[in-house]
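Everything below concerns the one structure shown next.
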Amino acid sequence: MRTRPEQGSGGGGRRRRRWPYVVAALVLVLGVGGYIAFDRARPYLHGSGCEAAAGTSKMPLDLDQAANASTIAAVAFRKQLPERAAVIAYATAIQESHIRNLASGDRDSVGMFQQRPSQGWGTPAKLRDPVQSTSKFFDALVKVKDYLDRDVHDAAQRVQHSADGRAYAQHEPDGKLLAQVFTGRQPAGARCWYPPNKQTKSRRPDALREMRRAFGPRLQVDGPGPLSAGAPSRPDSWNGVKVTNPRAGWAVAAWAVTHAQVYGLKEVRYAGHRWQSKAGHDGWTADKNAAANHVIIQ
């Protein structure tokens, strides 16, 4: 005689068999939702900052330090100075101000190099201008006899006349790293990032004029974006900086990346690479359409 199954036992079995699928669906929904939430929050999680990297060597910088570091390299480019001159400048600026444009210091010292108006370096306003203060430093450095053959701390001290010139020596490794990255010997070595709420209005014409002031009039800028003083910026447009060699190209690209937050630049493309402000922490990513004869700035 057949045994009659208990009432409802079949339905309960089907429900039990459905549970794993329900749980899997919930996990999938939660996972997708969590990823979307993380992806939206990610640009805020990293905060603001920059990094100079070459090989296994890395140096963290804040946005101001990175902008000043790229300016030092740009002025060296304008004056056609060798990388060793930039190393000396970086070691000096690290010791004197941590590469920051200080409003004051010991006695009447100001700026990145803590130059003193009372000692004939210039007015405080000029010494607070990173382009002009760097230019004054290099002008004094090249007057030092055989400065390229001297120890970094010796060459720096003959310019600065500080209390203890030996202090510059400790910063030579960092100076070499910064020079390698910002003078363009290390491709794609500089990256910067900042959250969306730190994005600023596009002022690309101002950025390009300041870039040419630092690098000098040899830097040629073209493209459909406006360039004249006071011209409104067109974020949907672009400009190109013509470069004759990879080193100059990467120096220009590093300057643009480190000044992107100040001038509202959204994207920099060069030599098969692209940097975007919305994903700055990712650094330089592949872009096969990025040419090697122009640095494209948008």
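The values are calculated or read from the model by the stated rules, or taken from the named source; none is laboratory data. For clarity, every value in this text was computed on a predicted model and none was experimentally measured. All Cβ positions, glycine included, derive from the backbone under ideal geometry; neighbour counts span all protein chains shown. Areas reflect the complete protein model, heavy atoms only, side chains present, ligands, DNA and RNA absent. Shrake-Rupley method; radii C 1.70, N 1.55, O 1.52, S 1.80 Å.
Would you confirm whether any residue within region 203-214 is more than 21 Å from residue 74 (Cα to Cα) and in contact (Cβ under 8 Å) with a residue 12 or more places away in the chain?
First pass over region 203-214, keeping only residues more than 21 Å from residue 74 (Cα to Cα): none.
No: zero hits.
Within region 239-298, the set of residues being out of contact with any Phe, Trp or Tyr (no Cβ under 9 Å at 6 or more places or on another chain), over 18 Å from residue 61 (Cβ atoms) and of a type in the set (A, V, I, L, M) comprises just one member, 286.
Got at least one residue in region 245-266 being surrounded by fewer than 22 Cβ atoms within 10 Å (Cβ to Cβ), part of a loop (DSSP other than H, G, I, E, B) and in contact with a Gly (Cβ under 6 Å, 6 or more places away or on another chain)? No, region 245-266 has no match at all. Only one of the listed residues (271, 231) is within 27 Å of residue 81 (Cα to Cα) and either open to solvent by less than 60 Å² (accessible area, probe 1.4 Å) or not assigned by the TED database to the domain that holds residue 75 (or both). That residue is 271. Here residue 295 meets each of (1) assigned to a loop (DSSP other than H, G, I, E, B); (2) open to solvent by less than 10 Å² (accessible area, probe 1.4 Å) with one exception, condition (1). Only one of the listed residues (213, 185) is outside any loop (DSSP other than H, G, I, E, B) and of a type in the set (Lys, Arg). That residue is 213.
Here is a yes/no grid of residues against (1) within 21 Å of residue 90 (Cβ to Cβ); (2) over 19 Å from the mean Cα position of the chain (by Cα); (3) modelled with pLDDT of 95 or more:
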| site | (1), (2), (3) |
| --- | --- |
| 144 | yes, yes, yes |
| 160 | yes, yes, no |
| 192 | yes, no, yes |
| 244 | no, yes, no |
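On the stretch given as region 136-153, residues that are closer than 16 Å to residue 96 by Cβ and touching a helix residue (DSSP H, G or I) at 6+ places or on another chain (Cβ under 7 Å) total 6. In this structure, residue 109 does satisfy being more than 14 Å from residue 84 (Cβ to Cβ) and at pLDDT below 95. Considering only residues that are in contact with a helix residue (DSSP H, G or I) (Cβ under 6 Å, 6 or more places away or on another chain), part of a helix (DSSP H, G or I) and modelled with pLDDT of 95 or more, which ones fall in region 27-75? Matches in region 27-75: 63, 66, 67, 68, 69, 70, 71, 72, 73, 74, 75.
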